[in-house]
Amino acid sequence: MSRNVSSSPQDGPRQRALVALARRDRSEHELRTALRGEGFEGEAIDATIGRLREERALDDAGLAARFARGQMAHRGMGRHRIRQALRRRGLDREIIEGGVAAALEEVSEVATLEAVADRYWRSHERVAPVVRLRRLRAFLVRRGFPPALVAARLAAMKAGWKQPSGRGDAE
């Protein structure tokens, strides 16, 4: 059963879209999918999306920038993982790249990587440093940090180690 015209304004696609947007930021693709899932037809959805864009209640570029900034600053994610998440939300490559670039202007990816690496290092103190370093590399790459940044950070950490000589000649 598809809906063209609703019997009351509370049941219309615009109202449903506003309720969905009030819960959390959504992309145009996510909103279209949600409205389609509620039985609204293409014309009603297109009109609703157009109106919400005009009212600036729906802004994919703003969503991409806010999401990227939040993921980097508060969740410790790198640019690759953020791009992947934004692609899953149905955003275009240009919008994703703009959002990531905007986030990188405000949040230092290097500082985020260092904070995540230091927290991981301290929380795994019982693991041998060589093993911990290997696991940390994999962890940081899974978090979406560029391999070159990860390698530079790990090299700096390795240079700071005080490795015991094992011979007792500390004189």
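Table for the structure above
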read-out: Members of the stretch 104-138 found to be closer than 17 Å to His74 by Cα, part of a helix (DSSP H, G or I) and touching a helix residue (DSSP H, G or I) at 6+ places or on another chain (Cβ under 8 Å), listed by number; value: Leu104, Glu106, Glu109, Val110, Thr112, Leu113, Glu114, Val116, Ala117, Tyr120
read-out: Leu91, sole failed condition from (1) more than 30 Å from Ala34 (Cβ to Cβ); (2) modelled with pLDDT of 95 or more; (3) not in a helix (DSSP H, G or I); value: (1)
read-out: Contacts under 7 angstrom Cβ, first residue in the stretch 67-88 being on the phi > 0 side of the Ramachandran plot, partner among the polar types (S, T, N, Q) and modelled with pLDDT of 95 or more, 6 or more apart; value: Gly76/Thr112
read-out: Matching residues, the stretch 11-24, being modelled with pLDDT of 90 or more and surrounded by fewer than 18 Cβ atoms within 10 Å (Cβ to Cβ); value: Gln15, Leu18, Val19, Ala20, Leu21, Ala22, Arg23, Arg24
read-out: Test: residue in the stretch 34-48 that is assigned to a helix (DSSP H, G or I) and under 21 Å from Glu94 (Cβ atoms); value: no
read-out: Pair list, Cβ < 8 Å and 6+ apart or interchain, from the stretch 106-128 residues that are outside the structural domain of Arg79 (by TED's automatic domain parsing) and surrounded by 15 or more Cβ atoms within 10 Å (Cβ to Cβ) to residues that are of a type in the set (D, E, K, R) and not in a helix (DSSP H, G or I); value: Val116/Arg143
read-out: Hey, Gly99 farther than 18 Å from Pro13 by Cβ and touching a Phe, Trp or Tyr at 6+ places or on another chain (Cβ under 6 Å) or not; value: no
read-out: Residues of the stretch 18-33 classified as part of a helix (DSSP H, G or I), under 20 Å from Arg88 (Cβ atoms) and not β-branched (Val, Ile, Thr), total; value: 8
read-out: So Ala101, is it hydrophobic (A, V, I, L, M, F, W, C), outside the structural domain of Leu149 (by TED's automatic domain parsing) and either at pLDDT 95 or above or loosely packed, with under 14 Cβ neighbours inside 10 Å (or both); value: yes
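The values are calculated or read from the model by the stated rules, or taken from the named source; none is laboratory data. All values reported here derive from a predicted model rather than from experimental measurement. FYI the Cβ positions are ideal-geometry reconstructions off the backbone, even for glycines, and counts take in every protein chain you see.
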